[in-house]
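See structure below.
The values are calculated or read from the model by the stated rules, or taken from the named source; none is laboratory data. Given the structure is predicted, the values throughout are model-derived calculations rather than measurements. FYI the Cβ positions are ideal-geometry reconstructions off the backbone, even for glycines, and counts take in every protein chain you see. These area figures cover heavy atoms from the full protein model, side chains too; ligands, DNA and RNA do not enter into them. Shrake-Rupley method; radii C 1.70, N 1.55, O 1.52, S 1.80 Å.
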Amino acid sequence: MSDQAEKILVCVAWPYANGEKHIGQIAGAYLPPDIFARYQRMAGNDVLMVSGSDTHGTPITLQAEQEGIEPAAVVDKYHEMFVEGCLAMALTFDLYTHTDTQNHWDVTQQVFQRHLANEFIYTEVQKQWFDPEAGRFLADRYVEGTCPFCGYAGARGDQCDECGRLYDALELTDTRSKLSGSNELEVRETEHFFLDLGALNEPLLAWVGSGKEHWRSNVLNFTQGQLNLKELRGRAITRDIDWGIDIPLEGYEDKRIYVWYDAVQGYLSAAIEWADLSGGEWQAWWDRDLAPDARHYYFIGKDNIPFHTQIWPGMIMAYNDDSGEREPPLAGLSETAQGLATAGLNLPYDVPANEYLNFGGAQFSTSRGNVIGWNTVLEAYQPDAWRYVLTAMSPESADSEFTWPDFVELVNNELVANWGNLVNRVLGFAYRRFDGAVPQPGPFDPADEAVLADIRAGFESVAALYEAVKLKAALHEVRRLSQRVNQYLNEKEPWRTIKTEPGAATTAVYVALQAIDWLKLMWAPILPHSSEQLHIYLGYTQSLFGRLNTTSIEDARGEHLVLRYDHESASGVWQASSLPAGQLLQKPAPLFAKLDPAEVLGEEWDE
RNA sequence: GGAUCGGUAGCUCAAUGGCAGAGCAAGGAGCUCAUAACUCCUGGGUUACAGGUUCGAGUCCUGUCCGAUCCA
């Protein structure tokens, strides 16, 4: 950690722990931050990458009902499944946790208290369907009735399946409860807490109005377009449910904080949990006074843009507001989290939201059965093949379409042919003809100098693209540089000149090895597994990257699995190192498996 | 209904208002170190549609069609 090191907080969207994630979600929100974080660490910056499973909300309770198990069991099952996917694809979360932890509860309640003290939370009495038989208020999706527009008898919640119209659930007639089956429902009054987003409209508008030139234009325009209408309105924080975080006030024991309010706070609570586990300082990234230059990046899908450019920044502003009296920290707050009581928090620096990666002309959809499961495919193909393909197909500026023929073409005709084959031809030749060691080159001629200069320039050009989160363009640039080395080899023909001019052949092989040594680093954020393997083939003994590990953590709410990344052992640095002549090579083998189209395309992935 | 994005070569995508380009696929040639890989050459376009502004529009403006997200 040098003095010039920047603090980069890489925030990754929190996936619901309610099922296997599909490759569209990975391409959109989970792989890009890992590539970005790996680059930033190699560039010498202090990266903290956090996320976790979202354990609350109806997606969880619905899944629990379907499987006939408790919500907590659903959470454990799919949280673990996601962690396994992260391990297989090597997503380097400094901490991947979940939201049903004591720490997250404490942080959420602390933020709630501050919002309340700062008067950005108000209460309002609403009318809602109540099921006397079940003794519970009914969320929209637990009410069924007759559509006020078309008279369809099976209309649900707030939208009719038959005519598609939206309405207030109170407009339904002949209602029944999907909870108890009772058709004697009552409309009762219930009091809830609201976040006063209306009061935050102006401050948010001012915030997005300056210094956001680096934002993707669709994200910025969308955000400004909405805020310009000045129609932000209060949003209910609480619900009459029993799965969720308790409200830290007396008299509200049968209500819970609803998922959207606590989930976005995970970026903060996970940093605190990371600090707790590692002995680090979360304030080094989060405290606006201690770390005013820390840059926070939020990697999300486009459906999440309003939450990360309006609601969460608004919540941070409401937290930072100094008009209210500072409450003492809540009794349960851990020592690590105590600083929250006085801290002001940093706002997002960038929100590089992606569009969707679709499949079969439509979005991936479990109900339609067109899902390519992440964990499933990682068992079948190399993680770096997926990382390459999903980056090449990355929906950075528009929805894109996944097809299996494209998958095969990208792996075979680009990854294997361009880069894998370059490595294989050079390493194989060098290992056989130079006694398994990096040969001692003679003086460089202009062609040698030129190719090395071109590749070396990648440490600038590729860096700029990673830095700007233009990952697809970064991939294209490194691929262009790989091709440059193939061109150089065809020009030099060391396999021919080794018989006539051994000195020139030796130098050409050295130059090609040196170029590969550098390209390995430029590929590394996208292709960490194979770059690591190539690093070993080239005779290095330290590893480029650190190690992932899982631990089970126990707290007052029970046990939870966490994924952590230990960067200490990483030696990969973003600079043109010098490949030592004489360094012993390891016997090489192809980095990537070529795919058999018939085999891949014959597979049935529908289920 | 409102806000925003996208529609460019067979496919995937680029192009601060200034000669519409790249990779893959296709056709041809060279090479043989390499996973039938590599390199070179060629073909391929009414930039969704209709208007407008401009010396000049894929790009800016208006409208229409199609797709997507969010809000109501």
Would you please give the FRET efficiency between A:Ala581 and A:Arg547, computed as 1/(1 + (r/R0)^6) with r the Cβ-Cβ distance and R0 = 45 Å, to the nearest 0.05?
0.90
Considering the Cα positions of chain A, please state its Rg to one decimal place and its Dmax as a whole number of Å.
27.3, 96
Using only C-alpha atoms and all pairs of different ones, pull out the Kirkwood radius for the range A:121-193 in Å with one decimal.
12.4
Report the accessible area of A:Cys150, computed with a 1.4 Å probe over the heavy atoms of all protein chains in place, in Å² rounded to the nearest 10.
60
Cβ charges +1 (Lys, Arg) and -1 (Asp, Glu), total dipole of chain A, debye:
2480
Probe 1.4 Å, all protein chains in place: accessible area of A:Thr403 in Å², nearest 10?
40
When N is the residue count of the range A:469-576, what does its C-alpha Rg come to as a fraction of 2.2 N^0.38 Å?
1.53
Relative contact order as a percentage, the range A:121-193, C-alpha pairs under 8 Å and 6+ apart, gives 41
So, with a 1.4 angstrom probe, what is the percent of accessible area on chain A that is carbon and sulfur?
46
For chain A, give the share of DSSP beta bridges that are antiparallel, in percent and rounded to the nearest 5; count only bridges with both residues there.
65
About its Cα centre, what dipole magnitude does the range A:121-193 give when the only charges are +1 on Lys and Arg Cβ and -1 on Asp and Glu Cβ, stated in debye to the nearest 20?
160
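Would you mind estimating how fast the range A:1-58 diffuses translationally, via Stokes-Einstein at 10 °C and 1.306 mPa s with the Kirkwood radius over Cα pairs, in µm²/s?
The calculation lands on 124 µm²/s.
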What is the spin-label model distance, in nm, from A:Asn375 to A:Arg233 if the labels are put 7 Å beyond Cα along the C-beta direction?
4.1
Report the rotationally averaged projected area of the range A:361-406 based on its alpha-carbon convex hull, in square nanometres.
3.7
Cα-based Rg of the range A:28-96 per 2.2 N^0.38 Å, rounded to two decimals?
1.37
Given the pairs A:Lys492/A:Lys587; A:Lys492/A:Lys594; A:Lys77/A:Lys255; A:Lys520/A:Lys587, which are separated by over 21 angstrom at their Cα positions?
A:Lys492/A:Lys587; A:Lys492/A:Lys594; A:Lys77/A:Lys255
Which value in deg cm²/dmol, rounded to the nearest 500, describes the helix-derived mean residue ellipticity at 222 nm for chain A, given -39,500 (n - 2.57) per DSSP H run of n ≥ 4 and division by the residue count?
-12000 deg cm²/dmol
How much length would be gained if the chain were fully extended between A:Glu124 and A:Glu599, taking 0.36 nm per residue of separation minus their Cα-Cα distance, in nm to one decimal?
165.0 nm
Modelled FRET efficiency - R0 22 Å, A:Ser323 with A:Glu281, Cβ distances, 0.05 increments:
0.20
Rounded to the nearest Å, what's the spacing between the alpha carbon centres of the range A:487-549 and the range A:439-470? Just the number, please.
13
Using 1/(1 + (r/R0)^6) with R0 = 22 angstrom and r between the beta carbons of A:Glu189 and A:Glu65, what's the FRET efficiency to the nearest 0.05?
0.20
Where q = 0.11, 0.12, 0.14, 0.20 Å⁻¹, what log10 of I(q)/I(0) comes from the Debye formula for the range A:1-146, counting one point per Cα?
-0.62, -0.71, -0.90, -1.23
Given N residues in the range A:113-163, what is Rg(Cα) / (2.2 N^0.38 Å)?
1.66
Stretched out fully, how many nm does the piece from A:Asn490 to A:Val573 gain, at 0.36 nm a residue minus the Cα gap?
26.9 nm
